[in-house]
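Nothing in this text is a laboratory measurement; each read-out follows from the coordinates by a stated rule. Not measured: the values here are computed from a predicted model. Please note: Cβ atoms are built from the backbone with ideal geometry, for glycine as well, and neighbour counts cover all protein chains shown.
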Amino acid sequence: MKNLVLFTEEEFNELKAKLDLLIEFSRCQIGIKEKEWLSNEDVMKLLHIGKSTLQNYRNCGKIKFSQVGRKIIYNYSDIKLFLEKNKI
């Protein structure tokens, strides 16, 4: 016997928006998820943000990073943790 679950239109739209975000996030990870370290470009693409926003996140300590010379890199697990902490 299957249970019937009812949603209000608002709940349905909220669920649909979350699923759309999950699909978009999954698409952005293709080719990135196997890397342990990500470049600025990888992170900007993954988070759909610009260079100044990413720099702001670094300056505020929202995203952990490593710097070797002038090259800034991010650990993939730290980016996943950032996303998890900011999940609504």
Based on the mean of other beta carbon atoms within 10 Å per residue, what is the order of 3-13, 39-49, most packed first? 39-49, 3-13
At 0.36 nm per residue, minus the direct Cα-Cα distance, what do Asn3 and Thr53 gain on full extension? Give it in nm, one decimal, please. 13.5 nm
If I compute Cα extents along the principal axes in Å from the structure I just sent, which labelled value in (i) 36, 34, 18; (ii) 61, 26, 18; (iii) 42, 30, 17 lines up? (ii)
Out-of-range pairs (alpha-carbon distance over 29 Å; input Lys51/Lys80; Lys18/Lys71; Lys18/Lys62; Lys2/Lys80): Lys18/Lys71; Lys2/Lys80
What does the helix-only formula give at 222 nm for the chain: each DSSP H stretch with n ≥ 4 adding -39500 (n - 2.57), the total divided by the residues, and the result rounded to the nearest 500 deg cm²/dmol? -17000 deg cm²/dmol
With charges only on Cβ, +1 for K and R and -1 for D and E, what is the dipole size of the chain about its Cα centre, in debye, rounded to 20? 480
Among Leu54, Leu15, Gln67, whose Cα projects farthest towards the positive end of the dipole of the chain, with charges put on the beta-carbon of Lys, Arg (+1) and Asp, Glu (-1)? Gln67
Here, Cys60 and Ser77, labelled 7 Å along Cα→Cβ, have an inter-label distance in nm of 2.5
